[in-house]
Each structure stands twice: as C-alpha cells, then as structure tokens.
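Computed from the coordinates by the stated procedures, all read-outs in this text should not be read as laboratory data. The structure presented is a predicted model; accordingly, all values stated were derived computationally and were not measured. Reconstructed Cβ throughout: ideal geometry from the backbone, glycine too, with neighbour counts over all protein chains shown.
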Amino acid sequence: MASRDVLLKILDLARWAPSGDNTQPYRFEIVADDHIAVHGHDTRDWCVYDFDGHASHIAHGALLETLRIAASGHGLKATWSIRVGLPDTAPIYDVKLEPASGAEADPLLPFIETRTVQRRPMRTTPLSAAQRAAIADAPGAGFSVQFFEPLGARLRIARLLWDSAHIRLTCPEAYEVHKEVIEWGARYSVDRIPEQAVGVDSLTARLMRWVMHSWERVAFFNRYLGGTVAPRIQLDVIPAVSCAAHVLVRSERPLAEMGDFVDAGVALQRLWLTATAHGLHLQPEMTPLIFRWYVRAGRSISALRAIDIEAAAVTSYMERLVGAEPETSFTFFCRVGQSKQPASRSLRHSVDKLMEVPPS
C-alpha cells in the first residue's frame, strides 16, 4: 500500500479544499497505510453562519472530495464513510485507500491548488455552451443547477445580495464573526481572509478596520453615517452585476441529516473545480441560503428582532426570484466569470498543523 510519504503528499494537496472563512474545520490522522481518519469539528458555537454546523459539514464534504481526487494522482482509489455513534459536532470520516490499477488521475486534479475565491468584479463575457454544460453536470446525481445570466437576472440577484448584506452588516452576532475572520493588512493568511482579498478598495478597508474595532462604532456608523452603503456596493452590488452568471445548486432530496450536507460539499467542490478547469473564477454567495436555513427552521438569527424580520423578507424574495417552494433544498449559491487570477488569497495550515488531532 501507500507509504506514509505518499499519504502526506495526498493530504498536502487535499488541504487546499475550501471552507467557510478559511476555518479548515478538520484534522488528519494517518491510521494505517490504507486508512486516513479525518476528524471534523464545526464552528457553530461562535459563528452565526455555521447554522447547526452545516457550513462546516459542507466543508468536510469538499475536503473529502479533494482528498479523493488527490489520491487518484497516486494511483489510489479513496472511499469514505462516516464513523457511527459520534455526535455531528465531532464526526470522524474513515477514508480507505486501495490501488486503482489502470485508472487515470481525475481530470480535476491539476486545479486543486489554483482554485480560489474571486471577490472582485469579473468580466461579463457570457458562458459558453461548453462551460454551462460542464457546470450543470459537475455536482452529479441528486443535484440540479439553475443559472441566472441575463443582465436583468443579475440585477435581481444584486438586490437580493444588497438586502442580505444589510443583515450581515447590522447583526451584532455577525459582527463578532467578521472581527475574527479578517486578517488586516495582509495579502495572504493561513487561517483567515486576508484584507487584500476582501474585495474593497484600500480607503474602505482602512475605514472598515477602524469601525470594526467595536460594535458601538459599527452601530453608530450604520445608524448615522450610512455605514453599510459603501461595503454593500463594493462587495455585493458591483460584483453581482460584474460576472457571467449566478449559479444555484439544488438538492433533489431534503437536507435532513449531517451526511446530506457532506454530500452537498462533495458536489460544491466538483462544481468549483470544474469552473476553474474551464477558465472561470467563482465567489460563493452563501449568506442568503444560510439565513434561509434559519427562517425555514423557525430559528432566530439574532437577539435583535429586526434581523429575523429582514431575514424572512430576504427568504421570501429569494424563493420568488428562483421559483422555489419553502421546502426546496438549496445547497450552494455562487457567481462565476472570467477574470485575472486574484493577487491575494487565503492559504492553509501546514499538514503538520492539520495532523494535530484533538483528544477524544
């Protein structure tokens, strides 16, 4: 079977999987030459966007799919299962490896490291028929893809994101997350989002850094000085219009259990890598979906009642916009388009750091 050196090379590539705000909610354990255990965790205790740990479970799925693709480059077939009897706050995924004689490496392998987030405006060049077909097929069985390409559709998505961003920027629980996940003054970050990758100009970035020093500053700025306007224009409206298309992935079955969200993460990563392989960049647009998870579960997002009222309105608008019923399951929402490679990006912890398995 594979040597430890080969397994470390597989994990060194797999660690480039995407995760919300670069949280990397997993650690690795090499159990045997044919067995890797992925120890998952979530951020629900401090991150309002990680509703019941589901965003982290999606990240686990993206990691497992990336590991599978990475293993194919070494002539190995990787299959995984969720270890039974463990809470969904700390799942363990057992990855078994076996030789795949004659099998070729997955064609998405070369794009694992080049895949990244593009938060800045992209070109509006329409998707080609080949790009559209590849993206539609990428998530696999059990998922369907809906495109929003014409200017009118992109403007309606811009309104959705404008409204959703107001929640994001006026919610005190979200402020606590934003304060933790941005590394100010940085071009790269191993465990957060570097300032230069956020997607705002340098003046707005300096203002954001000063305002985000405290919630009192944020609340004052929002109430009296229109503090949400510039970030929403730069981070939501302009990017929503400046792209080729917005893409919504639906699950054909309800998202009822942890494993459903893990499967959604597998589909997400296949779509993202496929977009990269076809010369496209991508930016996730998950906050409307996450707020909808709260609304449709009858759960409160914030201690501020106004936040929940706004979230309900955003949810209703999105469902009308995409033609969905309240019970419809959405798994991923993003925009895609052509652009230059971002000059700034999130990096990852080293494999050695990710091998630090927490005590059971």
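Relative protection proxy for 109-115, 184-190, from highest mean packing down: 109-115, 184-190 (other beta-carbon atoms within 10 angstrom). When you restrict to C-alpha pairs under 8 Å that are six or more residues apart and normalise by the size of the chain, the relative contact order lands at 26 percent.
P(r) tail for the range 4-114, what percent of Cα pairs lie past 17 Å? Walk me through the numbers before you get to the answer.
Details: 3201 of 6105 pairs.
Of the Cα pairs, 52 percent sit more than 17 Å apart.
Per-residue Karplus couplings for the range 114-129, computed as 6.51 cos²θ - 1.76 cosθ + 1.60 with θ equal to phi - 60°, are listed in order as 7, 4, 8, 8, 10, 8, 8, x, 10, 6, 8, 3, x, 5, 6, 4 Hz, Gly and Pro entered as x.
Of Lys9/Lys340; Lys9/Lys179; Lys77/Lys340; Lys77/Lys353, which pairs sit farther than 31 Å apart, going by alpha carbon to alpha carbon? The answer is Lys9/Lys179; Lys77/Lys340.
Quick one: of the DSSP bridges fully inside the chain, what percent are antiparallel, nearest 5? The partial results should precede the final answer.
Details: 35 of 40 bridges.
Taking every DSSP beta bridge with both residues in the chain, the antiparallel ones total about 90 percent.
Rounded to the nearest whole Hz, the Karplus-based 3J(HN,Hα) values (6.51 cos²θ - 1.76 cosθ + 1.60, θ = phi - 60°) of the range 334-340 follow the sequence 7, 10, 9, x, 8, 6, 5, with x at glycine and proline. Label separation (Met355 vs Ala105): 2.2 nm, computed from points 7 Å beyond Cα along the C-beta direction. Report, to the nearest 10°, how far helix 151-170 tilts away from the longest principal axis of the Cα atoms in the chain, using its own Cα long axis and a range of 0 to 90°. With rounding to tens, the tilt is 80 degrees. Got a sec? Which residues in the range 163-198 would a label at Leu304 touch, if it sits 7 Å along Cα→Cβ and we count backbone N under 17 Å? Backbone N within reach: 163-180. Remark: the range 233-245, residue by residue, has Karplus-estimated 3J(HN,Hα) of 5, 6, 8, 10, 5, 4, x, 5, 7, 8, 6, 7, 6 Hz, where x stands for each Gly or Pro and the curve is 6.51 cos²θ - 1.76 cosθ + 1.60 at θ = phi - 60°.
Relative to the current alpha-carbon distance between Lys77 and Ala256, full extension at 0.36 nm per residue lengthens the span by 61.6 nm.
What residues from the range 122-160 fall in the zone where the backbone N is under 13 Å from a label point 7 Å along the Cα-to-C-beta line of Tyr317? Inside the label zone: 155-160. Put a dot 7 Å past the Cα of Asp12, heading toward its Cβ, do the same for Arg206, and the two dots end up 4.1 nm apart. Subtracting the Cα-Cα distance of Trp46 and Arg223 from their residue separation scaled by 0.36 nm leaves 61.2 nm. Under the classification rounded if a/c is under 1.5, otherwise prolate if a/b is larger than b/c and oblate if not, where does the range 91-196 fall, given a ≥ b ≥ c as square roots of the Cα gyration tensor eigenvalues? Since a/c reaches 1.5 but b/c is at least a/b, the shape of the range 91-196 is classed as oblate.
Residues whose amide H comes within less than 5 Å of that of Gly337, counting only those at least five positions distant or on another chain, are Ala244, His281 (H built at 1.01 Å from N in the peptide plane). Going from the fewest other Cβ atoms within 10 Å to the most, the residues Glu176, Glu285, Glu327, Glu104 appear in the order Glu327, Glu104, Glu176, Glu285.
Quick one: putting +1 on the C-beta of Lys and Arg, -1 on the C-beta of Asp and Glu, what dipole do you get for the range 206-360 around its Cα centre, in Debye to the nearest 20?
Working: 18 positive and 14 negative charges, 135 e Å.
Around 640 debye, computed over the range 206-360.
A dipole drawn for the chain from +1 and -1 charges on Cβ atoms has a positive end, and of Leu304, Leu354, His213 the residue lying farthest that way is His213. By the gyration tensor of its Cα atoms, with a ≥ b ≥ c the square roots of the eigenvalues, what is the shape of the range 72-133: rounded for a/c under 1.5, prolate for a/b over b/c, or oblate? Oblate shape, in that a/c is at least 1.5 and b/c is the bigger or equal ratio.
In nm, what is the difference between 0.36 nm times the number of residues separating Ile30 and Glu327 and their Cα-Cα distance? Walk me through the numbers before you get to the answer.
Values: separation 297, 0.36 × 297 = 106.92 nm, distance 4.01 nm.
Length gained, Ile30 through Glu327: 102.9 nm.
The alpha carbon gyration tensor of the range 129-345 gives principal lengths a ≥ b ≥ c with a/c of 1.5 or higher and a/b no greater than b/c, which makes the shape oblate. Under the convention that each Lys and Arg Cβ holds +1 and each Asp and Glu Cβ holds -1, the size of the dipole of the chain around its Cα centre is about 1300 debye. Each Lys and Arg adds +1 at its Cβ and each Asp and Glu adds -1 at its Cβ; summed about the Cα centre, the range 1-110 shows a dipole of about 180 debye.
Normalised by the number of residues in the range 23-174, the mean separation of alpha-carbon contacts (under 8 Å, six or more apart) gives a relative contact order of 19 percent. Here the range 216-247 and the range 14-38 have alpha carbon centers that stand 34 Å from each other. Helix-only arithmetic for the chain: the sum of -39500 (n - 2.57) across DSSP H runs with n ≥ 4, divided by the residue total, places the mean residue ellipticity at 222 nm at -12500 deg cm²/dmol.
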